[in-house]
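To start, the structure under review is shown below, and the notes come after it.
The values are calculated or read from the model by the stated rules, or taken from the named source; none is laboratory data. Predicted model, so just to flag it, every value in this text is computed and none were measured. A quick note on method: Cβ atoms are made from the backbone with ideal geometry, for glycine too, and the neighbour counts reach across all protein chains shown. Just the protein is used for accessible areas: all its heavy atoms, side chains included, with ligands, DNA and RNA removed. Shrake-Rupley method; radii C 1.70, N 1.55, O 1.52, S 1.80 Å.
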Amino acid sequence: MSWWRDIWRQSIFLCFFIIPIPIGSYTIHSGSSAVVALAVYGVLSFIVPLCYIRSRETRFGRQDKAISVCAYIAAWLLLAGGSCWVPAVQKTWWQMSVFWQWPTIARDIVFIAVMYVFVSVTLVVAYGFSGLLSCRHDRQCRE
């Protein structure tokens with residue numbers, strides 16, 4: 001299997017541990033539920049894949065290539081920071097989206113899809129960065 005398909009497939013399993021809690025807190029629909037959901041998702045989307053890629057057995061594709069911890073952290077920071085703020089209009093792209101007018105179930109489906117895509121794209125970018133960035137801990141773990 002190709003490395004990118006392997007990453008997208010393994011992201012599905014990671015998202016079983018990441019997505020249910022933020023979606024559950026968001027569907028409560030109290031005043032601060034969206035903020036709580038975002039904070040929980042931010043923490044889980046960073047910690048769960050990080051713990052996963054630190055395992056010696058975690059390899060992707062036919063080449064059995066591992067993702068560097070430093071590359072993952074750099075990719076997560078780049079994508080999380082880049083996906084939140086649109087400098088030209090001083091708003092997040094979430095605030096500018098039209099799906100806020102959609103029914104609740106449709107918004108939940110959009111949120112689930114966006115959360116899954118974020119985790120998957122972060123791992124794909126980290127895979128690409130892995131050749132460029134590596135930590136001392138990565139070399140010790142992988143040898």
Over region 36-54, the set of residues in contact (Cβ under 8 Å) with a residue 24 or more places away in the chain, assigned to a helix (DSSP H, G or I) and open to solvent by 40 Å² or more (accessible area, probe 1.4 Å) is 46, 52
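Could you tell me whether residue 67 is in contact with a Phe, Trp or Tyr (Cβ under 9 Å, 6 or more places away or on another chain), surrounded by 15 or more Cβ atoms within 10 Å (Cβ to Cβ) and at pLDDT 85 or above?
On the way: in contact with a Phe, Trp or Tyr (Cβ under 9 Å, 6 or more places away or on another chain): yes; surrounded by 15 or more Cβ atoms within 10 Å (Cβ to Cβ): yes; at pLDDT 85 or above: yes.
In short, yes.
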Residue list for region 80-96, filter: modelled with pLDDT of 70 or more and either open to solvent by less than 30 Å² (accessible area, probe 1.4 Å) or touching a Phe, Trp or Tyr at 6+ places or on another chain (Cβ under 7 Å) (or both): 80
